């Protein structure tokens, strides 16, 4: 196994679950699908440090902007034009996102398995060398709202 190919990936605590991520600018989202054995139909959300960062994406719109002002930072993911965005409520992670730019982040587990804590994630995904511990999250997945219909999906 070529471990170098995972150099851009990271494991991080968030305000909700422990996650695995990669900066959007790396253009290697397929590594997240591969390492998690995740179905390609299942979207991966983008964590942003601010509403301003979310505006960089073509999916973002005015309706999302209004909801983001209401729910962010926090444990609410907004699905806008089929893409999920969330601004976590965790200072260290927000600083990382500010520095690295928006990141694709998904729960640190094999798809369909239970979520892992930081130590379990480090063992399971030993090939990922960058690990950020910004403190313990709630261990509850984020609430998901579809912006267009205001439907709560989770």
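The values are calculated or read from the model by the stated rules, or taken from the named source; none is laboratory data. Quick caveat: nothing in here was measured; it's all calculated off a predicted structure. FYI the Cβ positions are ideal-geometry reconstructions off the backbone, even for glycines, and counts take in every protein chain you see.
Data for the structure
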| read-out | value |
| --- | --- |
| Failed item, numbered, when residue 34 is tested on (1) surrounded by fewer than 20 Cβ atoms within 10 Å (Cβ to Cβ); (2) at pLDDT 95 or above | (2) |
| Hey, residue 84 under 14 Å from the mean Cα position of the chain (by Cα) and either at pLDDT 95 or above or in a strand (DSSP E or B) (or both) or not | yes |
| Options 73, 141; residue that is assigned to a loop (DSSP other than H, G, I, E, B) and modelled with pLDDT of 95 or more | 73 |
| Single match in 109, 89 (criterion: assigned to a loop (DSSP other than H, G, I, E, B), at pLDDT 95 or above and over 14 Å from residue 64 (Cβ atoms)) | 89 |
| Qualifying positions in region 12-43 - under 16 Å from residue 114 (Cβ atoms), touching a strand residue (DSSP E or B) at 6+ places or on another chain (Cβ under 8 Å) and outside any helix (DSSP H, G or I) | 17, 18, 19, 20, 38 |
| Region 12-27, residues that are crowded, with 21+ Cβ neighbours inside 10 Å and farther than 17 Å from residue 94 by Cβ | 20, 22 |
| Residues (buried (at least 21 other Cβ atoms within 10 Å of the Cβ) and either in contact with a helix residue (DSSP H, G or I) (Cβ under 7 Å, 6 or more places away or on another chain) or free of Cβ contacts under 8 Å to residues at least 60 places away in the same chain (or both)) located in region 72-101 | 78, 80, 85, 86, 87, 88, 97 |
